[in-house]
Amino acid sequence: MRCPACGSPDTQVTDTRLFDDGLEIRRRRRCLACERRFKTLEKIELSLPSVVKKDGSRCDFDSAKLRASMALALRKRPVAYDIVEQAVRLIEEQLAASGEREVTSQFLGELVMKALRRLDKVAYVRFASVYRSFEDVSEFQAILAEVGPRVRRPAGSLRTKASSAPSPSSAPAGKAKAAQATPSKRIRRVQ
């Protein structure tokens, strides 16, 4: 490694540390000629495939675009930035492991949807609604049904009109007459 100050090729590593789950190595170095200290960063460079868009055009995979689209779907959701970074890295690893030279944008979109579904269901629905170009409420209902089952209330938790009014036999005699004597209140809507 050449010294950035004097250009000498004689440098010595003084410290080495692993970062980012072992995907990065940061080294502190010292130039033997001018005694300057500097740091270097070694990263694994993945060979990622090109993306073929719907219109047939091709572009290089851009992790910044992927990160931005996921961040937009996760906007104002309680998901930490580190978790999003892990999801982006996982998608990059899946693309690299596929061994393909080109992948379709649809395939990439499906990978993003799988990651978002694991991270946050609201973000998943947001992304899916744009990605799949929803045009009807029924499409939203279908994806909501796919995300998870509806929450059902226990059988006895819903109150009916008959059960919500106190029965005269259960209330004390004086209170039952008072309840019958007070007129029901009506709420008027102001327009």
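The values are calculated or read from the model by the stated rules, or taken from the named source; none is laboratory data. Only a predicted model underlies this, so the values are computations on that prediction, with no experimental measurement involved. Please note: Cβ atoms are built from the backbone with ideal geometry, for glycine as well, and neighbour counts cover all protein chains shown. Remember, those area values only see protein heavy atoms, side chains included, never the ligands or the DNA or RNA. Shrake-Rupley method; radii C 1.70, N 1.55, O 1.52, S 1.80 Å.
Structure above, values below:
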quantity: Subset of segment 54-86 [touching a strand residue (DSSP E or B) at 6+ places or on another chain (Cβ under 7 Å) and either surrounded by 17 or more Cβ atoms within 10 Å (Cβ to Cβ) or assigned to a loop (DSSP other than H, G, I, E, B) (or both)]; calculated: Phe61
quantity: Exclusive hit being in contact (Cβ under 8 Å) with a residue 24 or more places away in the chain, over 26 Å from Tyr124 (Cβ atoms) and either open to solvent by 80 Å² or more (accessible area, probe 1.4 Å) or not aliphatic (A, V, I, L, M) (or both), set Arg89, Arg28, Arg36; calculated: Arg36
quantity: Residues located in segment 9-19, provided they are loosely packed, with under 14 Cβ neighbours inside 10 Å and either touching a strand residue (DSSP E or B) at 6+ places or on another chain (Cβ under 8 Å) or at pLDDT below 90 (or both); calculated: Asp10, Gln12, Val13, Thr14, Asp15, Thr16, Arg17, Leu18, Phe19
quantity: Spans of helices (runs of 4 or more DSSP H) in segment 90-191 with at least 1 residues modelled with pLDDT of 85 or more; calculated: 105-119
quantity: Close pairs (7 angstrom Cβ cut-off, 6 or more residues apart or separate chains): basic (Lys, Arg) in segment 100-128, open to solvent by less than 10 Å² (accessible area, probe 1.4 Å) and not in a strand (DSSP E or B) anywhere; calculated: Arg101/Pro49; Arg117/Tyr124; Arg126/Ala73
